[in-house]
Amino acid sequence: MKTGFQALIVLTLLGVCQLSSAHKEDETEIQVRTIAITPYGFNNNSAPAGIYYDLANLIVTEAGFNAYHLIYPYARINHELKTGQTDLTIMFKYQELADHVIYIAPLPTLKNVVIGLKGTSFKSISTLQGKTLAYLRGASFSKAIDSDKQIKKHRTNDIRQGIEMLVRGRVDAVIGPMDPILSAAAAMGKMHMLGEPLVVSERTPWLQISKKSVFHLFTQELHNAFNKVLQRGELKRLQQKYAPKNAQLTP
């Protein structure tokens, strides 16, 4: 009887060991999500790419982990950081996520702008009152604009959709980071239709990790990897690689 019980324990332990071995690779796999905004994250001939997409992969690899990496909209990443379905991302700080993430390291600050059609010029945020802005769903680009009820917001799935609405006269302007707006306009052949940009805020993207992620225990390793990758000049290299062609505003 005793022998049979001991054999059962041994078999159970062997099963646990085999299961642990089978999932050993998964234990080093970080769920990474990048925002679906060109040039930071996009699908290039069905292959994911972009400045933040490539940068996050380099950081994860430098830290000694594997990345399972997908490109998602802002709103979905926000939700998954709260639930722990997403481990790691690069994006702005959001008040609603303050209790759910750990901020690891900042990237260079980005300018958020409002751009209308050529011939239109917005001199200040107050001149946007009564206007309708194409505004990326789930994003926040300006607290002043967000809190101004006299400025109408039409939520869009991506920057490209916002520009299409602008060209068709369905909105008065598009709001968002300068580079994504110019990248989308250049890809659409609409650069010549854009007016003068109004800078409405400057915000800093952060490498951040969900507090529900088991990898939050390796925050320091990820921080060190981030520093090494940037010191090698990888961010500048990626910015040059994905810089949009013919993306200069014409006077």
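For the range 225-232, indicate whether the set of residues that are assigned by TED's automatic domain parsing to the domain that holds P39, in a helix (DSSP H, G or I) and among the charged types (D, E, K, R) is non-empty. Checking the range 225-232: at least one residue is assigned by TED's automatic domain parsing to the domain that holds P39, in a helix (DSSP H, G or I) and among the charged types (D, E, K, R). Checked against (1) in contact with a helix residue (DSSP H, G or I) (Cβ under 9 Å, 6 or more places away or on another chain); (2) at negative phi; (3) in a strand (DSSP E or B), E202 passes all but condition (1).
Scanning the range 85-116 for residues that are surrounded by fewer than 19 Cβ atoms within 10 Å (Cβ to Cβ), among the hydroxyl-bearing types (S, T, Y) and part of a strand (DSSP E or B) returns a single hit, Y103. Applying the criterion of being loosely packed, with under 15 Cβ neighbours inside 10 Å and of a type in the set (S, T, N, Q) to the residues of the range 146-165, the residue that is modelled with the lowest pLDDT is N157.
Filtering the range 182-196 to residues that are in contact with a Gly (Cβ under 9 Å, 6 or more places away or on another chain) and buried (at least 20 other Cβ atoms within 10 Å of the Cβ) leaves A184, L194.
Scanning the range 92-143 for residues that are over 22 Å from A185 (Cα atoms), out of contact with any strand residue (DSSP E or B) (no Cβ under 7 Å at 6 or more places or on another chain) and of a type outside the set (D, E, K, R) gives Y94, Q95, L97, A98, P108, S124, S126, T127, Q129, G130.
Considering the range 23-69, the qualifying strands (runs of 3 or more DSSP E), each wholly inside and each with 2 or more residues that are in the same structural domain as T219 (by TED's automatic domain parsing) and touching a residue at least 24 places away in the same chain (Cβ under 8 Å), run over 29-35, 42-44. Entry remark, the range 197-226: residues being surrounded by 19 or more Cβ atoms within 10 Å (Cβ to Cβ) and among the aliphatic types (A, V, I, L, M) number 6 in total. Sub-8 Å Cβ pairs linking a first residue in the range 81-105 that is modelled with pLDDT of 95 or more to a second residue that is acidic (D, E), at least 6 apart or interchain, are T86/E80, ordered by first then second residue.
Going by the conditions given, is V214 among the hydrophobic types (A, V, I, L, M, F, W, C), over 23 Å from Q85 (Cβ atoms) and at pLDDT 95 or above? For V214, the condition - among the hydrophobic types (A, V, I, L, M, F, W, C), over 23 Å from Q85 (Cβ atoms) and at pLDDT 95 or above - is not met.
Among the residues of the range 43-53, those identified as touching a Phe, Trp or Tyr at 6+ places or on another chain (Cβ under 8 Å) and more than 15 Å from W206 (Cα to Cα) are P48, A49, G50.
For the range 42-71, filtering for residues that are surrounded by 18 or more Cβ atoms within 10 Å (Cβ to Cβ) and at pLDDT below 95 leaves 1.
Residues in the range 217-251 that are under 30 Å from S121 (Cβ atoms) and in contact with a Leu (Cβ under 9 Å, 6 or more places away or on another chain) were compared, and the one that is modelled with the lowest pLDDT is T250.
The values are calculated or read from the model by the stated rules, or taken from the named source; none is laboratory data. Just so you know, these numbers come straight off a predicted model, no measurement behind them. With ideal geometry, Cβ positions are generated from the backbone for all residues, glycine too; neighbour counts draw on all protein chains shown.
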